[in-house]
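The values are calculated or read from the model by the stated rules, or taken from the named source; none is laboratory data. Because the structure is a prediction, the values reported are computed rather than measured. Reconstructed Cβ throughout: ideal geometry from the backbone, glycine too, with neighbour counts over all protein chains shown. With ligands, DNA and RNA removed, areas are computed over all heavy atoms of the protein, side chains included. Shrake-Rupley method; radii C 1.70, N 1.55, O 1.52, S 1.80 Å.
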Amino acid sequence: MAHFGSNVSGNSAKKMSESDGLGYIRLPKNLGFFNPPMDAKVTLDILPYIVTDEQHIDRDKDTGSAMVGEQWYKRPYFAHRGIGPFNETVVCPSTFGMKCPICEYRKELLSRAKTDEKAAEEAKALKPTLRNLYLVLPIGLKDHEERPYLWDISQYIFQKQLDPEILEDESRAIFPDLEQGLSLRIRIEKANFQGRDYADIGRIDFIERDQQYDPEYINDLPNLDEMLIVLPYKELQ
């Protein structure tokens, strides 16, 4: 049974105080990636999934967040970018509580960083970044059917903007609930970093859904915990 509300807002508060598809994502059949349009407003329903990973980054007994067997609305993970000769993005094994040779190597670099500028730069480049997977259903959006998509987006761009909106009015924390949830009206703005355009979040509003979902719909939704591909330690090494 879903317990959205206090556990969602509790998780947001805590975070503020503290294959197919891509090479690192195993995309299930009939599930595409959500690529939001630039300089537009989009309406999304963020849908939950049933957590199966005991190492889930959001798992918190105090707030009831992301407990195994319960519904949750996002799958956080750590990623390393620019790895190997092809500058690949890989999932950091620490996401699942495992050892990461990249993090171990970075720790060695940090020990030399004060006196070695090159080591400091390399350590900075290898720092893992926090990202999130969401199941989203776009409403009335051109070029997207009204069905679930996978949204893979940086914590900094989206969740960091969402958390304060949840805490401003904790009644909004029910938004992922299938039967009582809210739609998110999001303004997408074009931004540029190092010559590359990307979709930034300008504003998030919570609005009444046009219609709610049958609670049994959760059984048809894919498991976000099973989509991340973690390479073996030796291969990453």
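On a full-extension model of 0.36 nm per residue, what is the gain between K107 and I218, subtracting their alpha-carbon distance, rounded to one decimal in nm? Intermediate values should be presented prior to the final figure.
Values: separation 111, 0.36 × 111 = 39.96 nm, distance 4.10 nm.
Using 0.36 nm per residue and subtracting the Cα-Cα distance, I get 35.9 nm.
Using DSSP to define loop residues, name the trypsin sites (Lys or Arg not before Pro) in the stretch 138-237 whose beta-carbon has at most 10 other beta-carbon atoms within 10 Å.
K142
Once you have the Kirkwood Rh of the stretch 60-131 from its Cα pairs, apply Stokes-Einstein at 4 °C and 1.567 mPa s and quote D in µm²/s.
So the translational diffusion coefficient is about 92 µm²/s.
Compare the Cα positions of I57, S183, L130 along the charge dipole of the chain (+1 at Cβ of Lys, Arg; -1 at Cβ of Asp, Glu; about the Cα centre) and return the one farthest towards the positive end.
The one lying farthest along the dipole's positive direction is L130.
Work out the FRET efficiency for L27 and K114 from their Cβ-Cβ distance, taking R0 = 35 Å, and round it to the nearest 0.05.
0.25
Suppose all protein chains stay in the model; what accessible area per residue would a 1.4 Å probe give for the stretch 111-237, in Å²?
With the other protein chains kept in place, the stretch 111-237 gives 59 Å² per residue.
Per residue, how big is the convex hull of the stretch 149-218 when only Cα atoms are used? Give it in Å³. Mind dumping the intermediate values first?
Details: hull volume 7.5 nm³, N = 70.
Once divided by residue count, the hull of the stretch 149-218 is 107 Å³.
May I ask you to rank K99, K114 by accessible area, largest first, using a 1.4 Å probe over the protein chains only?
Largest accessible area first, the residues go K114, K99.
Leaving out ligands, DNA and RNA, what percent of the accessible area of the stretch 172-231 is carbon and sulfur, probe 1.4 Å? Numbers along the way, then the final one.
Working: 1290 of 3410 Å².
Summing carbon and sulfur atoms, their accessible area is 38 percent of the total for the stretch 172-231.
Ratio of Rg to Rh for the stretch 111-237, alpha carbon only, Kirkwood?
Details: Rg = 19.1 Å, Rh = 18.0 Å.
Radius of gyration relative to Kirkwood radius: 1.06.
Tell me the Rg and the Dmax, in Å, that the Cα atoms of the chain produce.
My reading of the Cα-based Rg and Dmax gives 18.5, 60 Å.
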